[in-house]
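Below: one structure, written as structure tokens.
The values are calculated or read from the model by the stated rules, or taken from the named source; none is laboratory data. Here the structure is a predicted model, which is why all the values come from computation and not from measurement. Heads up, the Cβs are rebuilt from the backbone with ideal geometry, glycines too, and the neighbour counts pull from every protein chain shown. Ligands, DNA and RNA are excluded from the accessible area calculation, which covers all protein heavy atoms including side chains. Shrake-Rupley method; radii C 1.70, N 1.55, O 1.52, S 1.80 Å.
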Amino acid sequence: MVFTRRGNDALLWYIDRAHPILALLLVILLITAVIRPAVAQSMDDAGTNAPHTVYLVGTDNEPFNQYFLKLLEQRLGTRFEVRPYDEDQTSDSPAQPVVTLDANALDRVLDHSSSAPVLALMLTRRQFERRAQTTDRPLTAIFGNPPLIRQALLGREILPQSSRVAVLAQSGRAGQYEGLLERLRHYDMEAEVFTVSGPDRLVATLNRALQYGDFLLGTTDPAIYNRQTIKPILLTTYRNSRILIGPEKAFVRAGALASTYTSMKTYARIAATRLREWGAQGGMGDSDYPDDFLIRYNRQVARSLNIPLPEKADVIKALRQTQTTAVDDE
């Protein structure tokens, strides 16, 4: 039964003159007719507010995957349900987003034909760009490597009198650092790239670079900085009374003096923000660097070289004021 305004007026007139019990029944009928569409709409709304499904593709380190999963779930709340990645499930839900935790995880997703949007975390900008060129699916990245300009400015904060930066590069790749060299000039600094022609020329090239630079700026080039090369690089650097900045937090534990880095809590916060943007707008924004970072020092190295380390909070404040965290050179 549908009540028009005119019909409702007539019904109310009839109720006013009807038997009390009949009048009560008619009132109940009227109320039911009015609220039933509202209840149905409320049920429809509840359906549309069902949690979004997010698929997480982890690394080979399962404890790390579980740790990040908990961080992400805490940030997302009840509006999202995070599940382990499964090719069959994502085929059934091609519109649901996928979060990857390193370059290998992204490769696993890209090898599987799907149109699901991907949020790639903790890989370098260059790793991401190479993969983005091979697919048409929606990809957004929050890069994992510290921007080189920020790392260089960290070196200057530690060594205020420094003005020259040495960089090592593979043959044929020196040109990729032109952007860094140009940006450093805005901070009254200069850099030179020294090309390593082969593994047997690493130490000789490094000695030459350290005669030029006030410090060595590490990069995420795996051919230059890896488990086999880091020891001769550090020994050569110390013998020349120089320091290595970066390339990443893990190298500070090995003997680099300092590096900036981003915590997993920050990655989880940014990922949750991007996923909520996707839920509200259908997109996850542009690829970028984390908007927050921390600093790790190797204080033993600093003592050995008699280098006083500034307070981390002061350095972070100074680096943020340069507004360089969205720039990379690798």
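Taking (1) in contact (Cβ under 8 Å) with a residue 12 or more places away in the chain; (2) within 22 Å of the chain's Cα centre (by Cα); (3) open to solvent by less than 50 Å² (accessible area, probe 1.4 Å) in turn, residue 77 satisfies each apart from (1).
Candidates in region 97-112 are the residues that are at pLDDT 90 or above and assigned to a loop (DSSP other than H, G, I, E, B); of these, the one that is nearest to residue 280 (Cα to Cα) is 97. Exactly one residue out of 119, 154, 148, 106 is touching a helix residue (DSSP H, G or I) at 6+ places or on another chain (Cβ under 7 Å), among the hydrophobic types (A, V, I, L, M, F, W, C) and free of Cβ contacts under 8 Å to residues at least 60 places away in the same chain: that is 106.
So, in region 192-229, exactly how many residues are within 30 Å of the chain's Cα centre (by Cα), open to solvent by less than 20 Å² (accessible area, probe 1.4 Å) and not acidic (Asp, Glu)? Even if it seems obvious, please write down each step before you answer.
Looking only at region 192-229, we keep the residues that are within 30 Å of the chain's Cα centre (by Cα), and these are 192-193, 215-229.
Within this subset, residues satisfying the condition of being open to solvent by less than 20 Å² (accessible area, probe 1.4 Å) are 215-219, 221, 224-225.
Retained after the next criterion (residues that are not acidic (Asp, Glu)): 215-219, 224-225.
Count: 7.
Any residue in region 199-209 that is under 27 Å from residue 319 (Cα atoms) and either touching a Pro at 6+ places or on another chain (Cβ under 9 Å) or among the aliphatic types (A, V, I, L, M) (or both)? Let's see the steps before the verdict.
Of all residues in region 199-209, those under 27 Å from residue 319 (Cα atoms) come to 209.
From what's left, either touching a Pro at 6+ places or on another chain (Cβ under 9 Å) or among the aliphatic types (A, V, I, L, M) (or both): 209.
Looking through region 199-209, at least one residue is under 27 Å from residue 319 (Cα atoms) and either touching a Pro at 6+ places or on another chain (Cβ under 9 Å) or among the aliphatic types (A, V, I, L, M) (or both).
Any residue at all in region 260-267 that's farther than 15 Å from residue 144 by Cα, of a type outside the set (Asp, Glu) and without any contact (Cβ under 8 Å) to a residue 60 or more places away in the chain? Checked against the condition, which is being farther than 15 Å from residue 144 by Cα, of a type outside the set (Asp, Glu) and without any contact (Cβ under 8 Å) to a residue 60 or more places away in the chain, region 260-267 yields no hits at all. Looking across region 123-142, the residues that are open to solvent by 10 Å² or more (accessible area, probe 1.4 Å), in contact with a Phe, Trp or Tyr (Cβ under 8 Å, 6 or more places away or on another chain) and not β-branched (Val, Ile, Thr) come down to 125, 128, 139.
Any idea how many residues of region 280-313 are touching a residue at least 40 places away in the same chain (Cβ under 8 Å) and of a type in the set (D, E, K, R)? Please lay out each step first, then the result.
Taking region 280-313 and keeping what is touching a residue at least 40 places away in the same chain (Cβ under 8 Å), we get 283-290, 293, 295-298, 301-302, 304-305, 307, 309-310.
Subsequent filtering for residues that are of a type in the set (D, E, K, R) retains 286, 288, 296.
Summing the residues that are touching a residue at least 40 places away in the same chain (Cβ under 8 Å) and of a type in the set (D, E, K, R) in region 280-313 gives 3.
Restricting region 238-256 to residues that are in a helix (DSSP H, G or I) and over 25 Å from the mean Cα position of the chain (by Cα) leaves a set whose member that is surrounded by the most Cβ atoms within 10 Å (Cβ to Cβ) is 238.
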